[in-house]
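For reference, the structure is listed below as structure tokens.
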Amino acid sequence: MDIRPTLSMLSRQKIAALLVIFEIAISCAIICNAVFIISNRVAQIQLKSGVAEDELVYLATSSLLPDVNYDALRKQDLATLAAVPGVKAVSSINQIPYGSNVWGSGIRLQPNQTRPTVHATNYMDDGQLLPTFGLQLREGRGFKPDEYLENSAFAGGDADPVVPSVLLSHSLAKSLFPDGNAVGSNIYVWGSKPTQVVGVIDDLLAPGEAGEFSSRFDSMVFPVRVSNGAYALRTSPEQREAVLKAAIAALNKADPNRIIEEQGTVSRMRDAFQHRDRSVIWLLLAVCIALLAVTAFGIVGLASFWVQQRTRQIGIRRALGATRKHILRNFQLENLLLSSAGIIVGLILAYALNMFLMSRYELPRLPLMYLPVAAVLLLLLGQIAVLGPARRAASVPPAVATRAA
């Protein structure tokens, strides 16, 4: 098909054509990045934390008394919580997936290394963290009794503490030691003294938002018994609410001079943590649908306007032998040219917008696969949108079109 007549017609309608091109370009740029952000948010929501989420409850407490021996209080609380009916395991913890506390440290592979190889989150194990969280040891061994440190060991402000051993998550071990020799290797976390990797555990989700660590599963577990009043309790899914209520009552009875700062099931914590991601997903979906609708209505409106303006021209072409198929294909070709121009500009804008978001909000680079998908979607949208006005134009009888002049 000769497109020169179509290009000639579009050149006489520059403003209208440019408006459609601009509308398609803006829609393409925004939709590419919006769908990319949606896919990232969905991927974050679908991440498995690695812990037994449906069996865990969480408590964070603090004492109202001055000069409290927190190590002794921790031991008392653990004994109290372990005696609560329905509790399978209990652990004093420093942080939990979907919680507000985020502990992290840089990891160096050499003692004189100036920049860390990676940053990872720190979980502290009092001896019951793995069974409480439901984590399995994949390689190596667990901590020995003489490797555990009390929380009070760090109270003196030791600038170079000695933590003899560490467990790495499976993902972190693969990242640091791609040859598979993580167990038995040394890493440097605090100061110049090495910490030996004694085992590799299941992947364990780091608390906090994506981007705080190189990977959401870069996690370390240290044999340190923290005494900050936070506890995780494992029970059966149907007993979580009852266990949580009984645990709070038991702690208050054992020591009424305390407050419960946070409490809840880990499932509820997960839902609350992911609420913003879900809100962003629905908002961006609404924006995409609205942009597609506006673009489609814009194409329909412009095509309908051109049908009215070119009624005589259509009638003359019909009288000279043009079939309905010819008229229909002519309008579809016009839309194809406009859509193609808009998409080319839109893809450039999509890349530029992604570069801006990368610099300001640490969004990953937009994969190239999103560009052809968006192009095909908008081309199809344009062809579907113009189909109604084009069919109306093709159905006008030549005699009626000529009289309308």
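The values are calculated or read from the model by the stated rules, or taken from the named source; none is laboratory data. Because the structure is predicted, anything quoted here is derived from the model rather than measured. Backbone-built Cβ (ideal geometry, glycine too); neighbour counts: all protein chains shown. What goes into the accessible areas is simple: the full protein's heavy atoms, side chains included, and nothing from ligands, DNA or RNA. Shrake-Rupley method; radii C 1.70, N 1.55, O 1.52, S 1.80 Å.
Evaluation of Lys193 against the conditions (1) within 14 Å of Phe222 (Cβ to Cβ); (2) open to solvent by less than 20 Å² (accessible area, probe 1.4 Å); (3) part of a loop (DSSP other than H, G, I, E, B) shows that the sole unmet condition is (2).
Only residues that are assigned to a strand (DSSP E or B), open to solvent by less than 20 Å² (accessible area, probe 1.4 Å) and modelled with pLDDT under 90: list them for the stretch 126-184, please.
Step one: filter the stretch 126-184 for residues assigned to a strand (DSSP E or B), giving 137-140, 149-150, 165-169.
Add one more test, that the residue is open to solvent by less than 20 Å² (accessible area, probe 1.4 Å), and what stays is 165-169.
Within the stretch 126-184, no residue meets the criteria.
With respect to being modelled with pLDDT under 75 and either of a type in the set (Phe, Trp, Tyr) or surrounded by 14 or more Cβ atoms within 10 Å (Cβ to Cβ) (or both), Val307 fits the description. Scanning the stretch 263-290 for residues that are free of Cβ contacts under 8 Å to residues at least 24 places away in the same chain and among the small types (Gly, Ala, Ser) yields Ser279, Ala286, Ala290. So, Leu387, is that one over 14 Å from Val20 (Cβ atoms) and either at pLDDT below 85 or touching a Lys or Arg at 6+ places or on another chain (Cβ under 7 Å) (or both) or not? In short, yes. As a summary of the residue check, Ile260 satisfies the conditions (1) in a helix (DSSP H, G or I); (2) open to solvent by less than 60 Å² (accessible area, probe 1.4 Å); (3) touching a residue at least 12 places away in the same chain (Cβ under 8 Å) except for the one numbered (1). Scanning the stretch 263-280 for residues that are in contact with a helix residue (DSSP H, G or I) (Cβ under 7 Å, 6 or more places away or on another chain) and within 14 Å of Val243 (Cα to Cα) turns up Gln263, Thr265, Val266. Scan the stretch 211-248 for residues that are open to solvent by 10 Å² or more (accessible area, probe 1.4 Å), within 16 Å of Val90 (Cα to Cα) and either assigned to a helix (DSSP H, G or I) or charged (D, E, K, R) (or both) and the total you get is 10. There is at least one residue in the stretch 74-90 that is touching a Pro at 6+ places or on another chain (Cβ under 9 Å) and either open to solvent by less than 60 Å² (accessible area, probe 1.4 Å) or outside any strand (DSSP E or B) (or both).
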